[in-house]
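Take a look at the structure set out below.
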Amino acid sequence: MTITLPDGKAMTFMRGVTGAEIAAAIGPGLAKAALILEVDGKQWDLFRPIEHDAKIRVITKKDPEALELIRHDMAHVLAMAVQELFPGTQVTIGPAIEDGFYYDFARATPFTPEDLPRIEEKMREIIKRDLPTRREVWPRDKAVAHFKGIGELYKAELIESIPAGEDVSIYWHGDWHDLCRGPHFASTGKIGDAFKLTKIAGAYWRGDARNAQLQRIYGTAWRDQKELDEYLKRIEEAEKRDHRKLGKELDLFHMQEEAAGQVFWHPKGHALYRTLEAYARRKFQRHDYVEVKTPLLMDHKFWQQSGHWDWYREHMFAVEIEGEDKLLALKPMNCPGHVQIFKQGMRSYRELPIRMSEFGSCSRYEPSGALHGLMRVRGFTQDDAHIFMAPEQMTDEAVHASRLIFEVYKELGFDSVDVKLSTRPEKRIGTDEVWDKAEADLADACTKMGVPYKLNPGEGAFYGPKLEFTLYDAIGRAWQCGTVQVDFNLPGRLGAEYVAEDGSRQRPAMLHRAVLGSMERFIGVLIEHYAGAFPVWLAPVQAKIIPISEKANAYAESVKRALSEVSIPDTGGGLRVEVDGANERMQKKIRDAQLQKIPYMLVVGEREAAEGKVAVRLRSGKDLGAMALETFIKRIRDEAESRKDVAE
RNA sequence: GCCGGCUUAGCUCAGCUGGUAGAGCACCUGAUUUGUAAUCAGGGGGUCACAGGUUCGAGUCCUGUAGCCGGCACCA
């Protein structure tokens, strides 16, 4: 039997040879390092016999696949440990995930945080025992009967969903066994012990809230201690950027119990908000949008007509007014309002497309468990727009909207953006023909732009498919923000029409589109992206003037007035500067400004006052020395206008 | 909404097995008038999330409610 190695070298072995034997034949180093074999492109246990000629590759810790394999094995060890410590606990599933693994258990009493160290210790012990792995193939029905017999009802259910007549593989580690597709390392000792259990959580069986809730334990696992340490460090760094923490430290906003899920923007946070809004407003204007404002509170009939009432009633705030037979609803989105504006007067095809934008305040009664700082709130502002058009304009308008999104992200410093096309969900309105066209229009738009996209089947809105735009922040985390949604359904339901070229009345098509998504959430993303050290154009305080002693206070104020007069186009006003007139030493004021991550500190003493200068210090600590106020103004204005993010 | 955890001064946090609350920073007052990351001294400030209960006595124990945190489910 011939075994071909990756370098093309062929070796001859007896039938039934195992990966371990092949690795040993190649060399003792490889025999030791080998974890899993790849046989004709399929992963194969080292101890599993090979019956045909094959091309093989030996996978070791160094290979990219190793992490996933380690994590999968680790999940098994976790399950073993839990079953040893807590007899009667049922196992369910336990996959490898990004950065780690988890395992879901069925158990009457939930785990407590104190259990984790015990389980971890047991896992290390199991790894140390170096239990050999064995693979068996059972007929499906035998496996079902077996797992039912030992009280593993979830496992039995899993196997029952495999077609009858098929065989399943069972893996043994010592005398513990589990249904598993494999592959697994030859023994538990091969896994290494660079892991840590991180959290416990409830999770629904098969991801469905109607099912029983299981107890999930999460862990992280790596090739070695160094990688594990790096990962833990990374988590720590991410925590430092948490927008909730920075929001407090930088005095940007707060939230409180009496208005759960809603934001109190403080002056500094609101400066961010206004700046971003002014930028977006100007950008939309340049892309031929018209801006409107619609009522917050409207008769709920609009949402009955649109269909939202049926879908989302329990997530809407509704108000009954005493003595009036009306049910009003706080708007959860802006489309019905925009359609009302469209419906005023007779619309001609000549006016189309109409691109109607609004910074629309929306309220949604989000489930309590979903709330998360600025990222998921009950009161938020969409940078929303609805584009009304003739149906045949759809592809062009989708391109137009998508280009705007790419442009804005790029200008805001997000260079890598992913696009997903979410298609018809099971629960939806509209005919299949309409959905066919809607999905095709979005796909065409991507093709036209030359933008690759991933398909996200079944994830569209109930009224139409959507493109979703995901950007990546400074530490590589993904944030889904922008969206472009085709809608051939709502305009009809809400009674919108226009007069076509031939004089007939036609239904307009509509595109829902948001670039930033929610202002609140996007600001949250910006806070985390910049770790609170905003580029000058966004910084709530762009320069802090620091008088060295009281003698320089008057000059400091005059510098502030001069800077406040400097207007920055497209960002909504003059430079934002403050004087620190406290009776403190300069060092202390510098420290305070530094901790507030203010980009420029302007130190002024009697020397600067006499010469009309400012001594410029950057938040990096770099001292630029004294320069004429005019020179500094030119510098900061250029920086703000270009929206540069200066790293130094 | 579901599972688990948490909630002590404006902020960050201490407070052992129940005996009646403490630090640093911030704030206020005074002194100091300062050259690139914390000047010194003094002072004020807490219904220990809320509501019940156990107890001679509860920040500490029990129950409920709310909010927050970590997940899950949801996300027009």
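The values are calculated or read from the model by the stated rules, or taken from the named source; none is laboratory data. Because the structure is predicted, anything quoted here is derived from the model rather than measured. Neighbour counts run over all protein chains shown; Cβ positions are idealised from the backbone, glycine included. Please note that ligands, DNA and RNA were not included when accessible areas were found on the heavy atoms of the full protein model with its side chains. Shrake-Rupley method; radii C 1.70, N 1.55, O 1.52, S 1.80 Å.
A few points about this structure:
- Listed by chain and number, the aspartates and glutamates whose alpha-carbon sits under 19 Å from that of A:K226, ignoring those within fewer than 8 places in the same chain, are A:D63, A:E65, A:E68, A:E98, A:D99, A:E120, A:D193, A:E236, A:E237.
- Remark on A:G573: its backbone amide H falls under 5 Å from those of A:I568, a criterion applied only to residues 5 or more positions apart or on other chains, H modelled at 1.01 Å from N.
- Applying a threshold of 28 Å to the alpha-carbon distances of A:K293/A:K597; A:K240/A:K622; A:K331/A:K454 flags A:K293/A:K597; A:K331/A:K454 as lying beyond it.
- Positive-end residue, chain A charge dipole about Cα centroid, Cβ charges, pick of A:L272, A:T381, A:S363: A:L272
- Phi to ³J(HN,Hα) by Karplus 6.51 cos²θ - 1.76 cosθ + 1.60 over region A:616-625, Hz, x for Gly, Pro: 9, 10, 8, 5, 6, x, 5, 9, 8, x
- Amide H contacts under 5 Å for A:D53, placed H, 5+ residues apart: A:T2
- The string of couplings for region A:365-380 from the Karplus curve (6.51, -1.76, 1.60, θ = phi - 60°) is 7, 6, x, 3, x, 8, 4, 7, x, 7, 6, 9, 10, 9, x, 8 Hz, one whole number per residue in order, with x for Gly and Pro.
- Charge dipole (Cα centre; +1 on Lys/Arg Cβ, -1 on Asp/Glu Cβ; no other charges) of region A:261-405 amounts to roughly 600 debye.
- Whether chain A is rounded, prolate or oblate, judged on the alpha carbon gyration tensor where a/c under 1.5 counts as rounded: oblate
- Apolar share of the accessible surface for region A:155-271: 47 percent from carbon plus sulfur atoms, 1.4 Å probe.
- Largest-first principal axis extents, alpha carbons of region A:479-555, Å: 78, 30, 18
- Cα shape, region A:432-501, gyration tensor, a/c 1.5 rule: prolate
- Those residues of region A:487-525 whose amide nitrogen sits under 12 Å from the label point placed on A:K343, 7 Å along Cα→Cβ: A:491-497
- Across region A:62-205, Cα pairs under 8 Å and at least six residues apart give a relative contact order of 26 percent.
- Rounded accessible area of A:V292 (nearest 10 Å², 1.4 Å probe): 30 Å²
- Check: region A:109-207 dipole with +1 on Lys, Arg Cβ and -1 on Asp, Glu Cβ, in debye: 200 debye
- Shape category assigned to region A:329-480 from the gyration tensor of Cα positions, a/c cut at 1.5: rounded
- Once all protein chains are placed together, A:E433 keeps about 130 Å² accessible to a 1.4 angstrom probe.
- Charge dipole (Cα centre; +1 on Lys/Arg Cβ, -1 on Asp/Glu Cβ; no other charges) of chain A amounts to roughly 1120 debye.
- Legend: Rg and Dmax of region A:286-402, from Cα coordinates, 16.2, 49 Å.
- Using C-alpha pairs under 8 Å with a sequence gap of at least 6, the mean separation divided by the residue count of region A:1-112 gives a relative contact order of 20 percent.
- Listed values for region A:256-269 are Karplus-derived 3J(HN,Hα) couplings in whole Hz (6.51 cos²θ - 1.76 cosθ + 1.60, θ = phi - 60°), namely 8, 3, 5, 9, 3, x, 10, 10, 9, 7, 7, x, 6, x, and x replaces Gly and Pro.
- Helix-only CD estimate at 222 nm, as mean residue ellipticity for chain A, using -39500 (n - 2.57) per DSSP H run (n ≥ 4): -10500 deg cm²/dmol
- At R0 = 51 Å, FRET efficiency that the Cβ-Cβ distance of A:V566 and A:E230 yields, to 0.05: 0.70
- The count of lysine pairs in region A:18-124 that are at least 8 places apart or cross chains, and whose C-alpha atoms lie under 23 Å apart, stands at 7.
- Here each label is just a point 7 Å from Cα along the line to Cβ, and for A:R107 and A:K644 those points are 5.7 nm apart.
- Portion, in percent, of the accessible area of region A:336-424 that falls on carbon or sulfur, probe 1.4 Å: 46 percent
- Based on Cα contacts under 8 Å between residues 6+ apart, chain A shows a relative contact order of 9 percent.
- For a label point 7 Å along the Cα-to-beta-carbon line of A:D310, residues of region A:428-444 with backbone N under 13 Å: A:428-431
- Separation in nanometres of the label points that stand 7 Å from Cα toward Cβ, at A:S558 and A:F264: 4.0 nm
- Distant-in-sequence amide contacts of A:A461, defined by a placed amide H-H separation under 5 Å and a gap of 5 or more residues or a different chain, comprise A:K466.
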